[in-house]
1. Sorting THR193, THR57 on the 10 Å Cβ count, fewest up front, what's the list?
2. Could you tell me the distance between the Cα centroids of the range 161-184 and the range 89-126, to the nearest Å?
3. Is the shape of the range 3-160 best called rounded, prolate or oblate, per the rule: a/c under 1.5 gives rounded, else a/b larger than b/c gives prolate, else oblate, with a ≥ b ≥ c the square roots of the Cα gyration tensor eigenvalues?
4. Which residue fluctuates most in the GNM of the chain (Cα springs below 10 Å): GLY15, GLY76, GLY49?
5. Going by how many other beta carbons lie within 10 Å of each one, how would you line up ILE139, ILE79, fewest first?
6. Build a GNM of the chain with springs between Cα atoms under 10 Å: which of ASP151, ASP23, ASP110 gets the top mean-square fluctuation?
7. Scanning the chain for helices, which whole DSSP H stretches are 24 Å or more long along the axis (Cα) and average -0.5 or more by Kyte-Doolittle?
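Rule-based calculations on the coordinates, nothing more; no lab input. Small disclaimer: the values here were computed from a predicted structure and weren't measured. Cβ coordinates were reconstructed from backbone atoms using ideal geometry, including for glycine residues, and neighbour counts include every protein chain displayed.
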Amino acid sequence: MSALYAFDDEYRKAGYKIIAGIDEAGRGPLAGPVVAAAVALNPAFEIDGVNDSKKLTAAKREHLFFEILVNALAIGVGIVSADEIDRINILNATRLAMSSAVSDLGALPDMLLIDALKLPAVACKQVPIIKGDAKSASIAAASIIAKVLRDSIMSAFHNKYPQYNFISHKGYGTKEHMEKLNIHGPCEIHRKTFAPVSLRIKDEGG
């Protein structure tokens, strides 16, 4: 048993049978949604290679994404748009996306393992774990689902707004993205309350 699966198994030994891990993708970008996933893995089947999505190649994430879809007990997803992020702020938007992902599981698990946060709106046992995607198989699996889904959303937005090349940077504040933002100004999926974007709007007199 891998260390990440063994971490989750300690909670099962304590009597929590159905454990779901939760993680998000997209808290930091200047554009696009924040996407959260909740994953309840099957303890009888270990998916080889599950790890923090940031430590995996895009190809490996894609492979594991489908392995998780096929073998997990349940998967839930929550997506909060850039407009909503601007309205309620990124921390509240992240919690909303995570809570929605739990609701999307279909039934409350016995235990939620969450990367760093707690969810006041969710009524079940929760453990926030710092750098949880590098410790827990369930959180790592959720990080993979969230990352792959968000990347696919940003790739679709690239087709609508090709001038920003979202397919490359996925909305993060890279040098390329900042250059495109300065040339074209923000589009509908930019987060208007995030400093680089709000400053660009201010420069336009908006």
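1. Least to most surrounded, the residues fall as THR57, THR193.
2. Result: 31 Å between the Cα centres.
3. Oblate, since a/c reaches 1.5 and b/c is not below a/b.
4. Highest fluctuation of the listed residues: GLY15.
5. So the ranking, lowest neighbour count to highest, is ILE79, ILE139.
6. ASP110
7. Helices meeting the span and hydropathy rule in the chain are 137-160.
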